[in-house]
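Beneath this line is the structure, given in structure tokens, with notes to follow.
The values are calculated or read from the model by the stated rules, or taken from the named source; none is laboratory data. None of the values given here were measured: they were computed from a predicted structure. Heads up, the Cβs are rebuilt from the backbone with ideal geometry, glycines too, and the neighbour counts pull from every protein chain shown.
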């Protein structure tokens with residue numbers, strides 16, 4: 001019995017030791033990712049606490065159309081996650097200094113801001129606080145002019161800004177669908193009979209890195225103005241690195257002034273469907289992909305109005321044409337200065353009128369002869385060995401003068417673009 005008692009005592013001592021050891025283990029939070037992690041805890045007691053993830057309230061994702069009067073403020077950054085339309089009867093107000101960014105996408109996923117017919121945009125930036133539209137990859141913030149991370153030739157990263165109105169257009173129908181927007185989206189219709197239609201205000205606006213392809217080579221312009229009436233204010237507009245045209249007018253009567261286009265991927269300025277307004281004071285800085293400084297198309301229907309481009313300076317590039325006038329082009333082009341264009345080869349570096357009859361009647365050559373297409377006070381600094389007649393074709397040479405670099409007496413007033421444009425911030429106005 002003595003041995004049995006000894007063994008029982010040993011067992012009891014072992015149990016007691018084990019219980020004592022277990023009771024000495026410290027409980028607490030053992031998850032290193034928790035804010036109350038206890039490095040000395042041996043056993044997790046379920047007390048771990050974690051920081052709550054909060055969304056950045058300064059970033060607003062725009063995921064649906066604007067269906068009520070809305071204001072976007074400069075203390076927030078707005079991300080377009082889709083094609084966003086300001087629907088009829090509603091007004092979008094954008095404060096000076098606001099930055100709007102489009103997510104990257106193409107085809108049906110292309111992002112864009114559309115002001116539908118009878119909708120309105122009140123985007124009144126200032127010279128000190130321009131409103132900037134750009135891609136979501138741009139790290140620019142309110143108060144900055146030059147992007148801190150984007151090159152000025154990157155294009156096609158989102159769509160663009162499209163304003164549509166009820167003013168007359170010259171097309172097959174009184175109202176048609178704007179290019180770049182699928183026919184299924186009725187917010188893409190433009191055109192009507194109200195020449196004084198008012199779509200709002202666009203002032204001190206910079207639109208960058210747009211022109212995404214929605215399919216079959218159909219890209220969105222930096223700024224599209226479709227059937228926009230002359231009650232609308234369009235002033236001080238910059239378009240940088242758009243994959244398609246910088247600004248394109250489709251009919252309408254809206255006037256514009258102080259526009260600057262840099263690194264357009266197709267045409268800097270494009271006019272169609274008998275736009276009947278005036279663009280006063282403009283600068284084009286062509287890039288390696290810029291096709292035409294100006295491309296002018298004639299009417300497509302019975303409305304035969306023309307427009308006016310006056311007081312402009314156009315800096316060419318290696319493959320840029322001064323101007324292309326086709327399909328019965330009409331209008332008045334005055335006080336324009338051209339420079340930095342290549343020797344005219346295969347249609348590059350010249351100004352030409354098409355002689356093929358348009359669907360509405362006379363050709364561009366015919367319209368020039370009868371006065372519906374006119375030119376005055378065109379000046380150019382020619383490349384060495386190039387003559388005026390090499391550049392200005394089809395009789396337009398009579399309205400052109402060769403001048404030395406910097407000796408031009410016509411052209412744009414570049415002072416209107418200083419301080420608020422990316423072009424100026426990069427030193428791109430030095431030659432003007």
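Okay, here's what the table says:
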item: Some residue of the stretch 273-286 being buried (at least 24 other Cβ atoms within 10 Å of the Cβ), over 24 Å from residue 156 (Cα atoms) and under 19 Å from the mean Cα position of the chain (by Cα); result: yes
item: Any hit, the stretch 64-75, residues being surrounded by fewer than 19 Cβ atoms within 10 Å (Cβ to Cβ) and within 20 Å of residue 422 (Cβ to Cβ); result: yes
item: Selection count, the stretch 325-383, where residues are assigned to a helix (DSSP H, G or I) and surrounded by fewer than 22 Cβ atoms within 10 Å (Cβ to Cβ); result: 5
item: Residue in the stretch 393-403 that is modelled with pLDDT under 95, closer than 29 Å to residue 238 by Cβ and not in a strand (DSSP E or B) present; result: no
item: Number of the condition not met by residue 113 [criteria: (1) part of a loop (DSSP other than H, G, I, E, B); (2) in contact (Cβ under 8 Å) with a residue 12 or more places away in the chain]; result: (1)
